[in-house]
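> Below: one structure in structure tokens.
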Amino acid sequence: MSLSTMLASMGEGMLRTCLIFFLTLLFSLPLGMVIMFMRRSRILLIRGIAHILIAVLRGTPLMLQLLMWYFGPFYLFGWSIRGYRFTAIILGFSINYAAYFAEIYRGGFESISKGQYEAAEILGYSRVQTFFKIILPQVIKTILPSVTNEIITLVKDTSLAFTLAYNEMFSLAKQIAASQTSFMPFIIAGVFYFVANYAVAFGMERVEKALDYYH
Amino acid sequence: MILQMNGIQKSFGGLEVLKDISLHVDAGEVVSIIGPSGSGKSTLLRCATFLEKVDAGEITYMDTTAVRTGGDGHAVYLPHKELNSVKRYFGLVFQQFNLFPHYSVLKNVMDAPVHVQKRNKEEVREEAMAILKKMDLDTRADAYPCQLSGGQQQRVAIARALALKPAILFFDEPTSALDPELTGEVLKVIRQLAEEKMTMVVVTHEMPFARAVSNRVLFMDKGVVVEQGHPEDVFGDPQQERTRQFLRNYQR
């Protein structure tokens with residue numbers, strides 16, 4: 001098998017990997033905000049639920065969570081859902097990453113001094129204005145480095161989708177490597193992850209630089 | 001009358017911080033509040049600006065009573081919306097400035113008038129620049145707070161409060177976070193405002209300043225007003241032993 005054929009057969013897997021990556025970010029970033037607000041809720045029950053949710057999601061392997069999402073409906077409720085595989089993957093990834101993002105957000109919000117809220121209140125800003133104009137921009141600046149870390153981990157974690165026999169890039173690489181007794185697919189996979197993460201780090205650094213005008 | 005506070009009581013977890021305090025401020029008056037740490041001075045300002053809720057008592061701004069003691073002896077506040085309309089009567093300058101670090105000096109001053117009071121942006125910009133010029137900061141309008149000295153930051157904070165045109169301005173130890181040199185430039189600005197008949201209540205440890213600038217001085221200790229009067233009387237001829245003792249400690 002020539003290199004170009006190999007690349008071509010892995011190409012579709014790369015697209016699937018990218019799809020997992022972008023969909024997970026799309027859902028987990030806002031969902032993390034929801035979990036963070038639950039975690040900071042004044043109501044004990046909601047706070048407790050968020051606390052347990054985060055503990056379980058961070059305390060068990062993502063691979064296990066993926067299996068739970070995929071097989072859970074059948075074994076627990078006897079449901080068999082058609083074409084559920086991809087949904088299970090996105091559910092598993094998004095909810096797992098949301099838990100991590102929630103904790104990152106929480107750290108960011110807790111780093112903002114009480115004085116910022118009080119100044120905004122005295123100046124007459126509404127709660128919504130205070131959140132979006134005063135607090136959130138400062139939180140985003142604070143959490144960027146941690147978010148970058150998480151995103152880089154996500155790029156690599158997409159390979160866990162092989163657990164549910166989803167043919168993302170790394171699954172294909174392993175198949176081709178086995179059938180062709182070649183090491184090349186692994187090198188291609190390595191270069192792919194590396195380049196993707198280099199791009200992520202580069203982009204995020206640009207954003208950090210853009211926010212560097214104050215501290 | 002700008003502000004009338006009557007019978008203000010406030011406790012934090014069983015500790016009585018304010019015991020039946022009253023404060024009356026007329027238009028154009030400068031009132032200084034002095035006293036040892038923990039005497040309740042800052043808490044009084046925080047209650048006056050609704051950052052803390054009083055347990056009992058009455059707070060009236062102009063002709064609107066924002067807080068009154070209800071039938072059960074507990075303070076009753078106006079509903080949220082009406083309380084907000086009372087908030088436009090006052091401004092507060094914090095000890096720690098609390099400028100918005102991600103906004104330029106000019107945006108710090110302009111943002112609330114434009115986005116809270118919904119005033120015309122160009123008009124606000126002109127006014128903001130005029131206020132900054134008065135604070136001797138017009139050349140730093142595009143700077144960010146982190147690029148300024150503490151004294152400059154506090155002057156921006158004063159400009160930010162003034163831009164909303166409050167009827168009364170509170171200062172909570174405005175120079176306590178500053179070194180002596182920077183303290184001077186902030187006090188100068190407050191003094192200038194006093195000359196323009198801005199109504200102000202200043203919690204301060206700067207005794208010579210309080211004596212020179214205020215129309216009235218309140219000495220607070222342990223949650224009560226021990227003594228109040230004209231600064232020359234309170235500083236020159238204090239009637240209470242506790243006041244004398246406090247002032248002696250300052251004359252070092």
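> State whether the residues of region B:38-46 include one that is among the hydrophobic types (A, V, I, L, M, F, W, C), touching a residue at least 60 places away in the same chain (Cβ under 8 Å) and open to solvent by less than 40 Å² (accessible area, probe 1.4 Å).
Within region B:38-46, one or more residues are among the hydrophobic types (A, V, I, L, M, F, W, C), touching a residue at least 60 places away in the same chain (Cβ under 8 Å) and open to solvent by less than 40 Å² (accessible area, probe 1.4 Å).
> Restricting the first residue to region A:190-215 and requiring it to be more than 11 Å from residue A:148 (Cβ to Cβ), which pairs with a second residue that is open to solvent by less than 80 Å² (accessible area, probe 1.4 Å) and in a helix (DSSP H, G or I) meet a Cβ separation below 7 Å and a spacing of at least six or different chains?
Partner pairs satisfying both residue conditions: A:192/A:14; A:192/A:169; A:193/A:155; A:196/A:155; A:211/A:141; A:214/B:146; A:215/B:146.
A quick yes/no check of all residues on (1) surrounded by 19 or more Cβ atoms within 10 Å (Cβ to Cβ); (2) of a type in the set (Gly, Ala, Ser); (3) not in a loop (DSSP other than H, G, I, E, B):
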| position | (1), (2), (3) |
| --- | --- |
| A:174 | no, no, yes |
| A:189 | yes, yes, yes |
| A:194 | no, no, yes |
| A:208 | no, no, yes |
| A:215 | no, no, no |
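> Taking region A:81-117 as the search range and keeping residues that are open to solvent by less than 20 Å² (accessible area, probe 1.4 Å) and more than 25 Å from the chain's Cα centre (by Cα), which one is nearest to the other protein chains (Cβ to nearest Cβ)?
Per the criteria, the residue is A:115.
> Now for a different question. Could you list, in sequence order, the residues of region B:70-79 that are surrounded by fewer than 18 Cβ atoms within 10 Å (Cβ to Cβ) and either modelled with pLDDT of 95 or more or on the phi < 0 side of the Ramachandran plot (or both)?
B:70, B:71, B:72, B:74, B:76, B:77, B:78, B:79
> So if I check each of B:148, B:99, B:164, which one is among the hydrophobic types (A, V, I, L, M, F, W, C), within 14 Å of chain A (Cβ to nearest Cβ) and buried (at least 23 other Cβ atoms within 10 Å of the Cβ)?
Among B:148, B:99, B:164, only B:99 is among the hydrophobic types (A, V, I, L, M, F, W, C), within 14 Å of chain A (Cβ to nearest Cβ) and buried (at least 23 other Cβ atoms within 10 Å of the Cβ).
> Being surrounded by fewer than 17 Cβ atoms within 10 Å (Cβ to Cβ), away from every other protein chain (no Cβ under 14 Å) and either on the phi > 0 side of the Ramachandran plot or assigned to a helix (DSSP H, G or I) (or both) narrows it down to one residue among A:161, A:178; which is it?
Residue meeting the stated conditions: A:178.
> Out of all the residues in region A:48-80, which are farther than 22 Å from residue A:150 by Cα and either surrounded by fewer than 14 Cβ atoms within 10 Å (Cβ to Cβ) or of a type in the set (Gly, Ala, Ser) (or both)?
A:48, A:71, A:72, A:74, A:75, A:76, A:77, A:78, A:79, A:80
> Residue B:82 fails exactly one of the following numbered conditions: (1) within 14 Å of another protein chain (Cβ to nearest Cβ); (2) surrounded by fewer than 16 Cβ atoms within 10 Å (Cβ to Cβ); (3) in contact (Cβ under 8 Å) with a residue 24 or more places away in the chain. What is the number of that condition?
Answer for residue B:82: the failing condition is (3).
> Continuing with the same structure: Kindly evaluate residue B:54 against the criterion of being open to solvent by less than 40 Å² (accessible area, probe 1.4 Å) and away from chain A (no Cβ under 14 Å).
Criteria met by residue B:54.
The values are calculated or read from the model by the stated rules, or taken from the named source; none is laboratory data. Here the structure is a predicted model, which is why all the values come from computation and not from measurement. Positions of Cβ are backbone-derived with ideal geometry, glycine not excepted, and every protein chain shown enters the neighbour counts. Note: accessible area is taken over every heavy atom of the protein model, side chains too, but ligands, DNA and RNA are not part of it. Shrake-Rupley method; radii C 1.70, N 1.55, O 1.52, S 1.80 Å.
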